[in-house]
Amino acid sequence: MKIWEDKKQPLETRVDALLDEMTTSEMIGQLGAFWPRPKKQKNEDGGDVAPMESVMASGEFEDVIRDGLGHLTRIFGSEPVSSEEGVAALRKLQGAVAEQSRFGIPAIAHEECLTGLTAWGATVYPASIAWGATFDPELIEEMANAIGEDMAALGIHQGLSPLLDVVRDYRWGRVEETISEDPLVVGTLGTAYVKGLQKAGILATLKHFAGYSTSRAGRNHAPVSIGTRELEDILLPPFEMAVREGKVANVMNSYSDLDGVPVAASRHLLTHVLRERWGFEGTVVSDYWAVSFLESMHHVAEDLVEAGALSLAAGMDVE
């Protein structure tokens, strides 16, 4: 038996032994995701349904998993499939990933779950702006735990929630996904959601760290121009609460740039604030296409290779 297969060994010992055996290519394989193209939801022209969806599904699955795979993206939430169909599809993909890996490592399956698992026939709970109206963290924790139990039963590992952006401009198009304009309310209820989801065995993901809701004129992806005091007093506290008190497993970056620095390339936010100041020990995951946006939208990288290097150096763990 290999050390990493021995469950009697400490987790750190097992992980270190496995990493020592992996090649650089195999470790890199764990840093990415694959989003299978939905067959039922292509539009009449055969194009994307979600913006830039094809970028996440570029390449053949067999080629993408050659050196291993970190994540499988939205097997249940990309097209209307029943629970049975989703479970069967996930098992098939996971089997291929584990079989291809020298070490039998499966992928982490993630799904959206802010108001319940985003899947055909799943229970839909109130929008998070309604959570803020309850002022009831125990109720939100109970709701999140129910969501997590449903996800765990289907073989899902990670939920891309909760959203901890504080409302600053009501023109912003994602206000209904937010909890409140009060950072204390956002942090308290967001932390309760994290505890409930993770109690069910699902890894929660804070988003969007940080400043996404403060974009200029309320436009999506627009630059963010704020001072240090507003950032520290209004936008960061909910995330800090969920990291320190909720022991959240994942944090997702904001698409925006803060005073000219894209968050996906910000070592200050992703490493200094998150890890060194707050003691975050989990995984930093990119929002979809955020790494490639360093080249195509922010223009701080000449190509995708440099974009990846900038993001990794800043503290990103998984694209």
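The values are calculated or read from the model by the stated rules, or taken from the named source; none is laboratory data. Source: prediction; values computed, not measured. Glycine also receives a Cβ, built like all others from the backbone with ideal geometry; neighbour counts cover every protein chain displayed. The accessibility values were calculated without ligands, DNA or RNA, using every heavy atom of the protein model including side chains. Shrake-Rupley method; radii C 1.70, N 1.55, O 1.52, S 1.80 Å.
If only the Cβ of Lys and Arg carry +1 and only the Cβ of Asp and Glu carry -1, the dipole of the chain around its Cα centre is close to 300 debye. For the pair Lys247 and Met1, a Förster radius of 45 Å applied to the C-beta separation gives a FRET efficiency near 0.90, rounded to the nearest 0.05. Just to be sure I understand, if you calculate mean projected area of the Cα convex hull in nm² for this structure, which of (i) 37.7; (ii) 20.0; (iii) 16.7 do you get? Answer label, from the structure shown: (iii). Rounded to the nearest 500, the 222 nm mean residue ellipticity of the chain from helices alone is -10000 deg cm²/dmol, with -39,500 (n - 2.57) taken per DSSP H run of at least 4 residues.
Membrane-span-like helices in the chain: DSSP H runs reaching 20 Å or more (Cα, own axis), mean Kyte hydropathy at least -1.0?
On the way: long enough: 83-100 (26 Å, -0.24); 137-153 (24 Å, 0.05); 183-199 (23 Å, 0.53).
The answer, listed by residue number, is 83-100, 137-153, 183-199.
If only the Cβ of Lys and Arg carry +1 and only the Cβ of Asp and Glu carry -1, the dipole of region 263-316 around its Cα centre is close to 280 debye.
Would you list, by chain and number, the aspartates and glutamates whose Cα falls below 14 Å from the Cα of Lys199, excluding same-chain residues fewer than 8 positions away? Filter leaves Glu138, Glu141, Glu142, Glu149, Asp150, Glu245. Segment Arg66..Tyr170, full-extension length gain: 32.9 nm, with 0.36 nm per residue of separation and the alpha-carbon distance subtracted. For Phe135, the accessible surface of its heavy atoms amounts to roughly 150 Å² (probe 1.4 Å, protein chains only, rounded to the nearest 10).
Think of region 193-305 as a dipole: +1 on every Lys or Arg Cβ, -1 on every Asp or Glu Cβ, centred on the Cα centre; then among Leu236, Val305, Ser292, Leu236 lies furthest on the positive end. At the residue level, Met297 shows approximately 60 square angstrom of accessible surface with a 1.4 angstrom probe and all protein chains present.
Taking all protein chains as shown and a probe of 1.4 angstrom, Thr24 keeps an accessible surface of around 90 Å². Evaluated with a Cβ-only charge set (Lys, Arg +1; Asp, Glu -1), region 218-319 carries a dipole of roughly 280 debye about its Cα centre, given to the nearest 20. Accessible surface of region 238-319, 1.4 Å probe: 52 percent of it comes from carbon and sulfur atoms.
Please compare each pair in Lys2/Lys92; Lys92/Lys195; Lys92/Lys247; Lys2/Lys207 to a cut-off of 29 Å on the Cα-Cα distance and tell me which ones are over it. Could the numbers behind the result be given before it?
Working: Lys2/Lys92 26 Å; Lys92/Lys195 31 Å; Lys92/Lys247 32 Å; Lys2/Lys207 37 Å.
Going by Cα-Cα distance, Lys92/Lys195; Lys92/Lys247; Lys2/Lys207 fall outside the 29 Å limit.
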